[in-house]
Amino acid sequence: MFARTALTSYQLSALRALWAELIPRNRFYTQKLPTSAPQSLEEFFARVPFTTKQELVDDQIAHPPYGTNLTYPVERYVRFHQTSGTTGKPLRWLDTPESWNWMVDNWVRILQASGVVPGDRIFCAFSFGPFIGFWLAFEAGVKMGCLCIPGGGMSSAARLRTMLDNHVTVLCCTPTYALRLAEVAAEEGIDLAPSTVRIILGAGEPGASIPATRARIESLWRGAQVRDHHGMTEIGPVSFQCPARRGVLHVMEDAYLPEVIDPQTGNPVAPGERGELVLTNLGRLGSPLIRYRTGDLVKTAPTTPCACGRYDLALEGGILGRTDDMVIVRGVNLYPSAVEAVLRDFEAVAEYRVEVFTERSMQEMRIQLEPTPHCADPAALARDVEAAFRHAFDLRVPVILVPPGTLPRFELKAQRWVRRS
């Protein structure tokens with residue numbers, strides 16, 4: 001672990017090495033960056049512009065199929081992935097062997113911080129398509145000496161049986177899918193009592209850092225410990241859960257230079273305040289991102305070092321939401337993570353969907369709620385959920401019951417928020 005002064009010194013050195021590699025090879029950043037490398041981090045923040053996702057999308061449209069953010073000839077690249085495209089046109093992303101290995105090494109650190117050890121048996125409940133998903137986690141587990149089992153091309157029931165038959169100890173999936181697997185186990189009569197899963201490593205959604213969601217998963221999986229992590233296809237694996245404080249993520253600052261800014265002004269926010277996470281990856285030289293506005297909303301810890309002894313940036317509550325996720329209902333700011341925190345307190349809620357619509361020129365919201373098949377009194381559940389929303393937000397949110405099995409289930413990132421015209 002780096003002390004703060006050593007960390008900032010390392011970051012500046014890595015930035016200067018990044019400059020030397022990119023200019024003039026990388027067309028995208030040669031046009032954006034000052035020619036000379038920064039002499040200090042303060043100069044870097046003052047002189048270097050942000051990078052936005054829209055810039056990357058526009059660049060790939062103008063220069064198909066991969067855009068100009070490639071430092072080397074395309075023949076040097078060996079990995080192709082693309083974003084899930086949930087907020088627009090998917091981004092295609094290429095990596096050289098060196099960049100890929102750098103990200104695998106970062107994922108090894110995530111696994112180690114999560115309590116994974118050589119000899120563990122890791123199951124990736126994930127269809128291994130072009131979305132980057134758990135590709136890196138799988139290879140990091142192999143590098144650590146774990147038995148890694150791919151779960152692509154399987155039904156949920158088949159995945160459960162494979163995990164039980166092979167005595168899996170680590171499950172990698174989205175928090176939503178961990179809940180779905182437990183639901184399928186109940187539907188199929190698959191007893192999870194013999195499960196040897198002791199760690200569930202979540203990603204792709206905020207749920208693993210939401211106390212109610214985390215507790216729900218752990219109760220269904222007989223005490224397995226939920227660990228959080230976050231990253232992005234275009235930026236790489238960024239953070240791991242603090243070993244000393246649940247619900248806190250540490251950015252690996254020797255791999256990423258982080259900033260937290262006011263989304264409106266672009267100015268840095270004070271420690272302990274909420275803002276948008278901006279990242280510069282320091283080792284993905286083949287397809288780098290510099291001062292990339294991730295769109296992720298975070299709240300930084302007010303003091304350092306952390307209780308675990310680290311000086312790396314601590315994000316309290318993990319990823320709180322997205323800058324484009326917030327809705328304002330009758331003057332109340334609502335984020336998906338806050339809504340989920342209310343709903344996951346009710347064990348009888350099997351699934352839900354949030355509908356946002358405009359009525360009489362005002363933005364409104366209602367919840368479609370699917371109770372579990374064994375819910376004794378769905379009408380009472382709906383009333384209790386409405387009361388919980390009034391208590392949490394001082395807001396009346398109508399709850400509409402739907403029959404069990406009605407709402408969609410998700411293997412990757414859940415898409416529970418729907419905007420109606």
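Here, each number is a calculation from the coordinates, and none is a lab measurement. Computed from a predicted model, the values in this text were never measured in an experiment. Here the Cβ is made from the backbone with ideal geometry for all residues, glycine too, and neighbour counts use every protein chain on show.
When the helices of the chain are scored as -39500 (n - 2.57) per DSSP H run of n ≥ 4 and the total is divided over every residue, the value at 222 nm lands at -9500 deg cm²/dmol.
Considering only Leu313, Gln112, Ile61, and ranking their Cα positions along the charge dipole of the chain that arises from unit charges at the beta-carbon of Lys, Arg, Asp and Glu, the one farthest toward the positive end is Ile61.
The residue among Phe50, Gly151, Ala414 whose Cα reaches farthest toward the positive pole of the charge dipole of the chain, with charges on the beta-carbon of Lys, Arg, Asp and Glu, is Phe50.
Charging the Cβ of each Asp and Glu at -1 and of each Lys and Arg at +1, and nothing else, the dipole of segment 325-421 about its Cα centre rounds to 360 debye. Coupling constants for segment 60-72 follow from the phi torsions by the Karplus curve (6.51 cos²θ - 1.76 cosθ + 1.60, θ = phi - 60°), and in residue order they are 6, 5, 6, 10, x, x, 10, x, 9, 7, 10, 7, 10 Hz; glycine and proline get x.
Nearest 10 degrees, 0 to 90: what angle lies between the long axis of helix 135-144 and the longest principal axis of the chain (Cα atoms)? With rounding to tens, the tilt is 80 degrees. Here the Karplus curve 6.51 cos²θ - 1.76 cosθ + 1.60, taken at θ = phi - 60°, turns the phi angles of segment 110-124 into couplings of 5, 4, 4, 5, 7, x, 6, 10, x, x, 4, 10, 9, 10, 9 Hz, with x standing for Gly and Pro.
Taking Cα atoms only, the orientation of helix 211-220 departs from the longest principal axis of the chain by about 60 degrees. Overall, the chain carries a charge dipole of about 280 debye about its Cα centre when +1 sits on the Cβ of Lys and Arg and -1 on the Cβ of Asp and Glu, all other atoms neutral. Cα centroids of segment 121-181 and segment 352-421: 30 Å apart. With θ taken as phi - 60° and the Karplus curve 6.51 cos²θ - 1.76 cosθ + 1.60 applied, the whole-hertz 3J(HN,Hα) list for segment 39-52 is 8, 7, 5, 4, 5, 4, 5, 7, 9, 9, x, 5, 10, 10 Hz, x standing for glycine and proline. Listed from fewest to most Cβ neighbours within 10 Å, the set Ser36, Ser287, Ser195, Ser127 follows the order Ser36, Ser127, Ser195, Ser287.
If you rank Phe346, Phe138 by fewest surrounding Cβ atoms within 10 Å, what's the result? Provide the component values of the computation, followed by the final result.
Values: Phe346 19, Phe138 23.
The order, fewest Cβ neighbours first, is Phe346, Phe138.
Between Ser155 and Thr323, the distance separating the two model label sites (each 7 Å from Cα on the Cα→Cβ line) works out to 4.4 nm. Taking amide hydrogens as placed 1.01 Å from N in the peptide plane, the amide H of Leu289 sits under 5 Å from those of Asn281, each at least 5 positions away in sequence or on another chain. Classify segment 231-304: rounded, prolate or oblate, from the alpha-carbon gyration tensor (a ≥ b ≥ c, eigenvalue square roots; a/c under 1.5 rounded; otherwise prolate if a/b is larger than b/c)? Note, shape of segment 231-304 comes out oblate. Beta bridges assigned by DSSP with both partners in the chain are antiparallel in approximately 65 percent of cases.
So for Met163, Met232, fewest C-beta neighbours within 10 Å to most, what's the order? Please report the intermediate quantities before stating the final value.
Values: Met163 24, Met232 20.
By the 10 Å Cβ count, ascending: Met232, Met163.
Projecting the Cα positions of Leu179, His167, Met103 onto the charge dipole of the chain (unit charges on Cβ atoms of Lys, Arg, Asp and Glu, taken about the Cα centre) puts Met103 furthest along the positive direction.
For segment 102-227, a crude dipole built from +1 on the beta carbon of Lys and Arg and -1 on the beta carbon of Asp and Glu, taken about the Cα centre, is about 220 debye to the nearest 20.
The shape of segment 1-114 comes out oblate: with a ≥ b ≥ c from the C-alpha gyration tensor, a/c is at least 1.5 while a/b does not beat b/c.
Judged by the ratio a/c of the largest to the smallest principal axis of the C-alpha gyration tensor, segment 120-159 counts as oblate, that ratio being 1.5 or greater while a/b is no larger than b/c. Using alpha carbons only, how many degrees (0 to 90, rounded to 10) separate the axis of helix 175-188 from the longest principal axis of the chain? Roughly 30 degrees between the two axes.
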